[in-house]
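Note sheet for the following structure.
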Amino acid sequence: MDDLEFRLCLKIDVVQLDFWVEQGWLIPETSSGQRRFRDADVARARLILDLMGNMGVNEAGVDIVMELVDELHGLRETMAMLMSAINSQERDVQRRLFASLEDLDRY
């Protein structure tokens, strides 16, 4: 969605949106000088609104939460790549890998 649709959907003004982009909390795609937002950006913006509006989290706190969200997504991607690599191995190699991980605590 474009800039205007995004702001109308979330009921925010351009100053808020520009600030969030400047902070790196949202990173829209840009084509022909126009910002384009994805569903993931909507979810991130809703999280920002919830943190600041409903929970009273300040900008520094939002920055920390957004960094943690980004790290979590990175870890999920890394785990998916690891599982793909393990699944491409022969069965006996898979069994040995999983056996070596049995001692890890699972939370």
Self-check item: Residue that is out of contact with any helix residue (DSSP H, G or I) (no Cβ under 8 Å at 6 or more places or on another chain), within 29 Å of residue 8 (Cβ to Cβ) and aliphatic (A, V, I, L, M), where the choices are 85, 99, 80, 43
Solution: 43
Quiz item: Which condition does residue 16 not pass, out of (1) of a type outside the set (A, V, I, L, M, F, W, C); (2) modelled with pLDDT under 95; (3) surrounded by 13 or more Cβ atoms within 10 Å (Cβ to Cβ), if it passes all the others?
Solution: (2)
Practice problem: Please identify the pairs in which a residue from segment 1-13 that is among the hydrophobic types (A, V, I, L, M, F, W, C) has its Cβ atom under 9 Å from the Cβ atom of a residue that is in a loop (DSSP other than H, G, I, E, B) and surrounded by fewer than 16 Cβ atoms within 10 Å (Cβ to Cβ), counting only partners at least 6 apart or on another chain. | Solution: 1/38
Self-check item: Flag if residue 69 is within 22 Å of residue 27 (Cβ to Cβ), touching a Leu at 6+ places or on another chain (Cβ under 6 Å) and either at pLDDT 95 or above or not in a loop (DSSP other than H, G, I, E, B) (or both)
Solution: no
Quiz prompt | Of all residues in segment 46-67 being under 11 Å from the mean Cα position of the chain (by Cα) and open to solvent by less than 60 Å² (accessible area, probe 1.4 Å), the one that is nearest to residue 10 (Cα to Cα) | solution = 47
Quiz prompt | Subset of segment 20-42 (residues that are within 15 Å of residue 66 (Cα to Cα) and open to solvent by 60 Å² or more (accessible area, probe 1.4 Å)) | solution = 22, 23, 27
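To keep it simple, each residue is scored yes or no on (1) closer than 30 Å to residue 101 by Cβ; (2) of a type in the set (D, E, K, R).
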| position | (1), (2) |
| --- | --- |
| 5 | no, yes |
| 9 | no, no |
| 13 | no, yes |
| 35 | no, yes |
| 80 | yes, no |
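Of 76, 91, which residue is under 21 Å from the mean Cα position of the chain (by Cα) and open to solvent by 100 Å² or more (accessible area, probe 1.4 Å)?
Result of the check over 76, 91: 76.
The values are calculated or read from the model by the stated rules, or taken from the named source; none is laboratory data. In this text the structure is predicted, and so the values were computed from the model without any measurement. Heads up, the Cβs are rebuilt from the backbone with ideal geometry, glycines too, and the neighbour counts pull from every protein chain shown. Ligands, DNA and RNA are stripped out before the accessible areas are found, and what is left, the full protein with its side chains, is counted by its heavy atoms. Shrake-Rupley method; radii C 1.70, N 1.55, O 1.52, S 1.80 Å.
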